[in-house]
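Everything below concerns the one structure shown next.
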Amino acid sequence: MKKILSVNAGSSSLKFQLFKMPNEKVIAKGLIERIGLSHSIISIAYHADGEEKNFKQTKDIANHEEAVDLLFKLFYILSIVNDSSEIKGVGHRVASGGELFPDSVVITEDVIDQIDSLGYLAPLHNPAQAKVIRSFKDVLPATLMVAVFDTSFHATLPSENYLYSIPYEYYEKYGVRKYGFHGTSHSYVAKRAAELLNRPIEDLKIVTCHLGNGASVAAVEGGRSVDTSMGFTPLAGLTMGTRSGDVDPSILPFLMEKLGLDEVDDMIAILNNKSGLLGLSGISSDMRDIETAAVSGNVRAKLALEIFVNRVQKYIGSYMAEMNGADAVVFTAGIGENSSSIRQAIVSGLSWFGMEIDEQRNDTRKEAIISKKGAKVAVLNVPTNEEIEIARQVERLGEGVKISN
Ligand code: AMP
């Protein structure tokens, strides 16, 4: 049986899904959290002996290397994998591929070094992900490994959309440009939307809204990303859980002086970790808490919600202008998939563009067309599945590849 493992490593976590291919059945999925902290938590849901089972354990895991070793021990103990040769490929989600990787790539030693060297574009993620890939290589030295970059789907952006209006030489010398993120998710939901609409993606203009703790919007024309709201880093664009999204950069030196900050990194940390829904509401970065507080009359939670909705509407509108129209708007990720009221709030302000939500159809967390029949622009809910997209990339690149290191 052919098994492919999708790996998504964060700075202190490691998420995975093991698929049976080619039928894409999930054999096991799980999460190791609090890596590097005390009381790390390992949880695995898996299928063995014809039954669905759950494993949970708390123990100290010092680093990602230990996490990877433990994961494989558990695979054998829980009979999820009997022999490592059953795993025919591993796909690793990598935050930034910069301009070096416009597509997923088979991992070699050079590729790992290059991922590491792009750390200046994703300091919390790329170096940690390079380490995780090395740990997997230690355990599975002869297995195909593929890197799938969050940025690759946006490699098709035209230069007028990826360049900032600053001296051109900063792009040439230092690579300062929009890279975008969440590409695997935008790509997956755009393709699914075309399938659900039963139309070739080549003929469609789609605005995809990935609304999670991190959030971004993309303009997808003919299946290719032509614009997206995140930028040089994931800090740009929409109001997010703790990130500010777009702000006037002149605010930075002004606030640094007011707050007595000497280091610009401290200011950037405020924009990354203390802003967005959390900063506006003073309550939480979690949209569920914001919605609950807003319903019970909390004025700042209501304001945070209104600003969140407003920014999504602005990006949808501007991408419809950029593509000279749209056939579909797609919602995905934690907020997009689960909150029918936020989808309703966003779309109700866009009726002039030919969008209308069908309340009954919108009452769902599953894949569905949620706009009224005959509406000019279709609106869809499509739960994202980055893991399966990563496994598919491993299959695509794995054909005919011989592993040399
Ligand atoms: P993600 O980053 O995709 O995991 O999404 C996390 C975000 O989704 C958090 O802000 C959650 O509060 C939000 N979320 C999850 N479920 C719901 C829900 N039922 N209603 C509103 N927001 C939700």
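The values are calculated or read from the model by the stated rules, or taken from the named source; none is laboratory data. Please read these numbers as outputs of a predicted model, since none were measured by experiment. Positions of Cβ are backbone-derived with ideal geometry, glycine not excepted, and every protein chain shown enters the neighbour counts. The protein model used for the area step is the full one, side chains on, heavy atoms only, and it has no ligands, DNA or RNA in it. Shrake-Rupley method; radii C 1.70, N 1.55, O 1.52, S 1.80 Å.
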I'd like to check something: does the range 110-121 contain any residue that is modelled with pLDDT of 95 or more and more than 27 Å from Thr228 (Cα to Cα)? yes
Assuming Glu65 fulfils every condition listed in (1) of a type outside the set (Ser, Thr, Tyr); (2) surrounded by 14 or more Cβ atoms within 10 Å (Cβ to Cβ); (3) under 17 Å from Gln393 (Cα atoms) apart from one, which condition is it? (3)
Please work out if His154 is within 27 Å of Val226 (Cβ to Cβ) and open to solvent by less than 10 Å² (accessible area, probe 1.4 Å). yes
Do you know which of the residues in the range 337-346 that are closer than 16 Å to Val189 by Cβ and either open to solvent by 50 Å² or more (accessible area, probe 1.4 Å) or more than 8 Å from the ligand (Cβ to nearest atom) (or both) is farthest from the chain's Cα centre (by Cα)? Ile346
Restricted to the range 157-182 and to residues being open to solvent by 50 Å² or more (accessible area, probe 1.4 Å) and of a type in the set (A, V, I, L, M, F, W, C), the residue nearest to the chain's Cα centre (by Cα) is Leu163
Looking only at residues in the range 351-365 that are in contact with a strand residue (DSSP E or B) (Cβ under 8 Å, 6 or more places away or on another chain) and part of a loop (DSSP other than H, G, I, E, B), which one is nearest to the ligand (Cβ to nearest atom)? Arg365
Please count how many residues of the range 293-333 are open to solvent by 30 Å² or more (accessible area, probe 1.4 Å) and either more than 12 Å from the ligand (Cβ to nearest atom) or in contact with a strand residue (DSSP E or B) (Cβ under 7 Å, 6 or more places away or on another chain) (or both). 19
Checked the range 281-292 for anything crowded, with 20+ Cβ neighbours inside 10 Å and closer than 15 Å to Ala215 by Cβ; matches are Ser285, Met287, Ile290
Give the residues of the range 188-215 that are among the small types (Gly, Ala, Ser) and either within 16 Å of the ligand (Cβ to nearest atom) or buried (at least 24 other Cβ atoms within 10 Å of the Cβ) (or both), sorted by residue number. Ala190, Ala193, Gly212, Gly214, Ala215
Looking only at the range 259-275, decide whether some residue is within 16 Å of the ligand (Cβ to nearest atom), under 22 Å from Asn8 (Cβ atoms) and touching a residue at least 40 places away in the same chain (Cβ under 8 Å). no
Which one is most open to solvent (accessible area, probe 1.4 Å), of the residues in the range 122-149 that are without any contact (Cβ under 8 Å) to a residue 60 or more places away in the chain, farther than 16 Å from Val394 by Cβ and not in a helix (DSSP H, G or I)? Pro123
Going through the range 265-290 in order, the residues found to be out of contact with any helix residue (DSSP H, G or I) (no Cβ under 7 Å at 6 or more places or on another chain) and more than 17 Å from Ser216 (Cα to Cα) are Asp265, Asp266, Ile268, Ala269, Ile270, Lys274, Leu278, Gly279, Arg288, Asp289
Any chance Ala368 is farther than 20 Å from His182 by Cβ, touching a helix residue (DSSP H, G or I) at 6+ places or on another chain (Cβ under 7 Å) and more than 15 Å from the ligand (Cβ to nearest atom): yes
Just one of (1) more than 16 Å from the ligand (Cβ to nearest atom); (2) open to solvent by 70 Å² or more (accessible area, probe 1.4 Å); (3) at pLDDT 95 or above trips up Lys402, so point out which. (3)
Residue that is surrounded by the most Cβ atoms within 10 Å (Cβ to Cβ) [pool: residues in the range 68-97 that are of a type in the set (Gly, Ala, Ser) and in contact with a Ser or Thr (Cβ under 7 Å, 6 or more places away or on another chain)]: Gly91
Filter the range 98-116 for residues that are polar (S, T, N, Q) and within 20 Å of Gly398 (Cα to Cα); which is most open to solvent (accessible area, probe 1.4 Å)? Thr108
Looking at the structure I just gave you, is Leu252 of a type in the set (A, V, I, L, M) and either touching a Pro at 6+ places or on another chain (Cβ under 8 Å) or open to solvent by 20 Å² or more (accessible area, probe 1.4 Å) (or both)? yes
Being surrounded by 20 or more Cβ atoms within 10 Å (Cβ to Cβ), modelled with pLDDT under 95, within 16 Å of the ligand (Cβ to nearest atom) and not polar (S, T, N, Q), is that true of even one residue in the range 216-227? no
Criterion first (within 16 Å of the ligand (Cβ to nearest atom), assigned to a helix (DSSP H, G or I) and without any contact (Cβ under 8 Å) to a residue 60 or more places away in the chain) does Ile290 satisfy it? yes
